[in-house]
1. Counting only other residues whose beta carbon sits under 14 Å from that of Asn66, what net charge do I get with K and R as +1, D and E as -1?
2. Report, in deg cm²/dmol and to the nearest 500, the calculated mean residue ellipticity at 222 nm for the chain, where each DSSP H run with n ≥ 4 adds -39500 (n - 2.57) and the sum is divided by the residue count.
3. Between 0 and 90 degrees, rounded to the nearest ten: what's the tilt of helix 11-22 against the longest Cα principal axis of the chain?
4. Cα gyration tensor of segment 91-189, axes a ≥ b ≥ c as square roots of the eigenvalues: rounded (a/c below 1.5), prolate (a/b > b/c) or oblate?
5. Rounded, prolate or oblate: which fits segment 90-131 when a ≥ b ≥ c are the square roots of the eigenvalues of the alpha-carbon gyration tensor, with rounded for a/c under 1.5 and prolate only if a/b beats b/c?
6. In Å³ and rounded to a whole number, note down the convex hull volume per residue for the Cα atoms of the chain.
7. Give a quick list of chymotrypsin sites (Phe, Trp or Tyr not before Pro) in segment 5-52 that DSSP marks as loop, anything other than H, G, I, E or B, with at most 10 other Cβ atoms within 10 Å.
8. Quick check on segment 17-137: what are the equivalent-ellipsoid semi-axes from the Cα gyration tensor, as sqrt(5λ), descending, whole Å?
Amino acid sequence: MRKINLFGASGHAKVIIDIIECNGFEVGYIFDDNTKVENFMGRKVHSVYNLELLNANPIIISIGDNKVRKAIHDKFKLNLAPPLVHPSAIISPSASIGNGTVIMPNAVVNAAVSIGKNCIINTAAVVEHDCVVHDYVHISPKASLAGGVEIKEGTHVGINATIIQSVCIGLWSTIGAGAVVTQDIPNHCTAVGIPAKSIKFH
């Protein structure tokens, strides 16, 4: 039975454990840099600096924050697990999904979609045909991307947000919960509302 390690003892990790077990795999070792966390869901938590264990199995970075996932991957050069997909998700055979990416229950990824590494496609999110989702992106529950949307690296699309067709969202931006995006959004921007407007840059 294939074992998958987790980096991060968090609420997000609880969902990932469910997906690992739903696929008939086994949770390997769990790691966290918080030395006060000794147990997680009945499992021992190991130091991230125990490199022998850290590299014993392929790993998923089980942390929701995009910047933190990237920092961890850059620092530790992890052996990422293949994409982890909940059995209830619908994935087109023509979709391409990078290692370390997790696709949650009831998500839909349609034809000719490209999703990068270390992404989160959360519960009941929809990624329509020909979308390009770059590395370290988080598509929140029930968010919808229409056809031909591009989401650049590190962006977080909030819960229930809607991105209309052929829109491009810039690097490391944030789309607010429930926003409706009808035009391109620049890099390092927070956009909210219907239609979505930029409210700050960071």
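1. Value of the local net charge: +1.
2. -4000 deg cm²/dmol
3. Approximately 70 degrees, to the nearest ten.
4. It is rounded, given that a/c, with a ≥ b ≥ c, falls under 1.5.
5. oblate
6. It comes to 105 Å³ per residue, whole-number rounded.
7. Qualifying residues, ordered by number: Tyr49.
8. So the three semi-axes of segment 17-137 are 27, 16, 12 Å.
Values quoted throughout were computed directly from the atomic coordinates according to the rules given, and no laboratory measurement underlies them. Here the structure is a predicted model, which is why all the values come from computation and not from measurement. Please note: Cβ atoms are built from the backbone with ideal geometry, for glycine as well, and neighbour counts cover all protein chains shown.
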